[in-house]
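Have a look at the structure below, then the notes.
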Amino acid sequence: MRVLLVEDEHRISAYVKRGLEEQGYAVDVAYTGREALDWAAVVEFDLIVLDVLLPQVNGLTVCRELRSKNVRTPILMLTARDSVDDRVAGLDAGADDYLVKPFAIKELLARLRALARRAGDVPKMTVLQVGDLTLDVRTHRVVRGDKPIELSPKEFAVLECLMREPSRVLSRTVIAEHVWNYETYNDSNVVDVYVRNLRRKLDEAYELKLIRTVRGAGYSISADQDEAN
Ligand code: CA
């Protein structure tokens, strides 16, 4: 999941970025409303976390402008003031939810999971399954058969990306765009490295290999033996 975080206070954006990255989100930070609009014009984010109080162009204007450009990405507004007017203005501007500062990272994560579930292209269930492999989006537990598998946050994110669309071949770029932010993603070899790790942890000990390489196209995950290569 790739998140655009829009917050001008560096202390807060650094704190939130770290909290999200620990859970495997890829995070790009914009420090002004203008920057946020520039980012959103070139990258399709899965979620946007948008502070209301920003220099120059404020969060409400950014939100309205994104919606008027048909950007449908779920938006969570951050507001410093616990005022009804502020919240109503945010929702009126096209935000999907809001969170009053200060907030716990835990609550932010819960809100983002709820928004991702509500977004049309994301399956409603929090447990994804391919064959005997299950991945719990909420608890970050991955189990094959009855064996729990320890994954790093990025390994988990790559696997989640594949498991959300079983059998579909995802290119390295598509995987990278959902898992890494701009600073790291220009080297798509990084995807190969993580897939290699996943194979070692998930597939090595089993006869039925779930992760498939489609030459020249990318990777897919499937328990269907006919598709095995
Ligand atoms: Ca701010």
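Computed values, structure above
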{"read-out": "Fully extended contour minus Cα-Cα distance, from D85 to T61, at 0.36 nm per residue", "value": "7.1 nm"}
{"read-out": "Across K69/K101; K17/K209; K106/K209; K17/K69, pairs whose alpha-carbon gap is larger than 30 Å", "value": "K17/K209; K106/K209"}
{"read-out": "K106/T213 FRET efficiency (R0 35 Å; Cβ-Cβ; nearest 0.05)", "value": "0.40"}
{"read-out": "Whole-percent pair-distance distribution, where bins are 10 Å wide, for the alpha carbons of region 1-147", "value": "11, 42, 32, 11, 4, 0"}
{"read-out": "Relative contact order computed over region 127-228 (Cα-Cα under 8 Å; 6+ residues apart), in percent", "value": "27 percent"}
{"read-out": "With all protein chains modelled, accessible area of R67 [1.4 Å, Å²]", "value": "40 Å²"}
{"read-out": "Contact order normalised by residue count of region 2-118, Cα under 8 Å, 6+ apart, percent", "value": "23 percent"}
{"read-out": "Gaussian network model of the chain, Cα within-10 Å springs - most flexible of P74, P153, P102", "value": "P102"}
{"read-out": "Virtual spin-label span in nm between Q225 and N189, 7 Å along Cα→Cβ", "value": "3.7 nm"}
{"read-out": "Area accessible to solvent at L208, 1.4 Å probe radius, in Å²", "value": "50 Å²"}
{"read-out": "Sulfur and carbon atoms: percent of accessible area, the chain [1.4 Å]", "value": "49 percent"}
{"read-out": "Average Cα contact separation per residue, the chain, under 8 Å, 6 or more apart, as relative contact order %", "value": "16 percent"}
{"read-out": "Angle between the chain longest axis and helix 59-68 axis [Cα atoms, degrees, rounded to 10]", "value": "60 degrees"}
{"read-out": "Those trypsin sites (Lys or Arg not before Pro) in region 72-167 that DSSP places in a loop and that have at most 16 other beta carbons within 10 Å", "value": "R72, R81, K124, R138, R141"}
{"read-out": "Share, in percent, of DSSP beta bridges within the chain that are antiparallel, nearest 5", "value": "45 percent"}
{"read-out": "1.4 Å probe accessible area per residue over the chain, in Å²", "value": "51 Å²"}
{"read-out": "Set of aspartates and glutamates with alpha-carbon distance to K201 below 12 Å, sequence-local pairs under 8 removed", "value": "E150, E155"}
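The values are calculated or read from the model by the stated rules, or taken from the named source; none is laboratory data. Everything numeric in this text was worked out from a predicted model, so none of it was measured. Positions of Cβ are generated from backbone atoms using ideal geometry, with glycine treated the same way; all protein chains shown enter the neighbour counts. Areas reflect the complete protein model, heavy atoms only, side chains present, ligands, DNA and RNA absent. Shrake-Rupley method; radii C 1.70, N 1.55, O 1.52, S 1.80 Å.
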